[in-house]
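See below for the structure under consideration.
Derivation of every value follows stated rules applied to the coordinates shown; laboratory data play no part. Owing to the predicted nature of the structure, the values given are computational and were not obtained by experimental measurement. Please note: Cβ atoms are built from the backbone with ideal geometry, for glycine as well, and neighbour counts cover all protein chains shown.
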Amino acid sequence: MLAATAAAPVGGDELDLDVVVGPGATAAIGSIGAMLVWPSPNPTSSSMLTTITVGAGAHLTFAPEPTITVAGSHHRATTRVDLEPGATCELTEEFSLGRSGEPAGTVETSFRVTRAGAPLFHHDETLGAAALSGATSVGVGGARHIATLVVVGPRVDRAATLVDGGGMAARLPLADDAYAILAVGVDRPIVRALIDRLRSTDEAATRYGKTIRPIDAHPH
């Protein structure tokens, strides 16, 4: 487990995390709490660079708790993942735009996955206070929580979308054995529920651009 902190990063901090999973190994990495991004007295951004290598025939589940952008902060989050031949993974990246009851900070994200040196997934996004209206490709609107999941291993042959009153998500095939899910919502429970539904093999999925039946975000 990674030891996240509620006191860092602060504007001006530059953090680096390197993860290497050896050939044939299996690893699961999470964190013990959310990471809060704080502004500095001077208008300086912070950054976090995560570099991951998954060896041949190995598997990594990487699911840290969300990064929370405190009002006034500006943060760059860069994730680079290299999969060697036969490697599989489940990679999760989550951001909460501001704490409860306060405006969001700004986060610039860049998430790239390559396999055997070839690009498999690349997604750049600017979220929060500095995001231009309509600039986000996932269309976050009034959403406060954003998650990206990249899964390499299981076969997938179609795209699908889910829309609920509090959020929306899309599953996008990247290859015969890889897909990404992009999800946004008013809070984390709704986003996680959308992702779980799109991952479920027994859901009545439809072709991309249509909507499968909405979930009950507040079951009785």
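Observations, loosely collected:
- Between the beta carbons of Ser200 and Thr61, assuming R0 = 25 Å, the FRET efficiency works out to 0.90 to the nearest 0.05.
- The DSSP beta bridges internal to region 14-158 are antiparallel in roughly 30% of cases.
- Thr78-Asp124 pseudo-label distance in nm [points 7 Å out on the Cα-to-Cβ vector]: 1.1
- Summed residue charge, Cβ within 10 Å of Thr67's Cβ, Lys/Arg positive, Asp/Glu negative: -3
- Residues in region 66-106 reached by a label modelled at Ser40 [backbone nitrogen below 20 Å; 7 Å Cα→Cβ]: 68-78, 105-106
- Residues whose amide H comes within less than 5 Å of that of Leu15, counting only those at least five positions distant or on another chain, are Ser47, Met48, Leu49 (H built at 1.01 Å from N in the peptide plane).
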